[in-house]
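None of the figures in this text is laboratory data; all of them are computed from the coordinates on show. Computed from a predicted model, the values in this text were never measured in an experiment. Note that we place each Cβ from the backbone using ideal geometry, even for glycine, and neighbour counts take in every protein chain shown.
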Amino acid sequence: METVAQMNNMKNAVLVIYVFTILASCNRTDAAKEADNGQQSFHLSDLRSKFKYANLKTFDIDTLDWETRPAHYNMLDSAFFNKVWQDKKRKFSEQDFMAEYFHSWQERAPGLIEFTMLTEDEGSNCALLNYCIYDKQGKMVDKFIVAADCGDGGWGLHSIGRLISKNTFEVATVETESEIISDGKINEIITGDSSVTHFIIGNNGKVAKKEIFKLQIRKEL
């Protein structure tokens, strides 16, 4: 039969466990609140220092490769991934064959937040510059590709963007496909398109796309 002292010891032990559980729960709650407050206080403008460039007028893909880019740019990580892309279909966990970098912070329009993100996509064999546009509260309004460099086998695509007026970007693109043949003196035929497209950003941040020029390419080597 348990003595009074043993029963008191058991009660004390239960009391200690109960108090410890309450304190641990409070600590977890406080930590969660701090994390939530940190997320709520975060603003896209806080990312400005992460960008390599600022206020570019011409946009082109650099000559670096997959191995050397990480030393040149700050990489987008899981902490800011959803804040930047704001796309439920786009998951950071699915980025195995992609890498993304903070490229250029743009101050084109005071009523908007704008910057470019450099995306390496091994799946499509492309490096892309996405021009991203947000309202002042940090909600994404629109985006478009302002420069690209792609290639796989005989296929290639290269585009360069320029800011030609306050609201207009001009993107020149050349896309080609080469075919090796053996027909007399002809060893290779290159076909494709050369085009110029304007992207006009409205006061609300929405982008209108307009093709200005397109020319078919055919070259025999």
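Which residues does a label at ARG108 reach in region 189-206, if reach means a backbone N under 19 Å from a point 7 Å past the Cα toward the Cβ?
It comes to 196-206, nothing else.
Please report how far the C-alpha centroid of region 112-148 lies from that of region 182-221, rounded to the nearest whole angstrom.
Cα centres, region 112-148 to region 182-221: 21 Å.
Once the Cβ-Cβ distance between HIS43 and LYS88 is put in as r, and R0 is 25 Å, what FRET efficiency do you end up with, to the nearest 0.05?
0.75
Less than 18 Å from a label point 7 Å out along the Cα-to-Cβ axis of ASN187: which backbone N atoms in region 129-152 qualify, by residue?
What the label zone holds, given the 18 Å backbone N cut-off, is no residue at all.
Label 7 Å along Cα→Cβ of SER124; region 195-221 residues with amide nitrogen under 15 Å?
Of the residues in region 195-221, none has backbone N under 15 Å from the label point off SER124.
Take each of the peptides 197-209, 113-125, average the number of other beta-carbon atoms within 10 Å over its residues, and list them starting from the highest. Please list the in-between numbers first.
Details: 197-209: 14.8, 113-125: 18.5.
Listed from highest to lowest mean packing, they are 113-125, 197-209.
Determine, from the Cβ-Cβ distance of SER178 and GLN216 and an R0 of 25 Å, the FRET efficiency 1/(1 + (r/R0)^6), rounded to the nearest 0.05.
So, using R0 = 25 Å, E works out to roughly 0.95.
Using a Cα-Cα cut-off of under 30 Å, which lysines could be cross-linked to LYS206, ignoring same-chain neighbours fewer than 8 residues away?
The qualifying lysines are LYS50, LYS52, LYS57, LYS83, LYS88, LYS89, LYS91, LYS136, LYS139, LYS143, LYS166, LYS214.
With r defined as the distance between the Cβ atoms of TRP66 and ASP135 and R0 fixed at 30 Å, what FRET efficiency is calculated, to the nearest 0.05?
0.35
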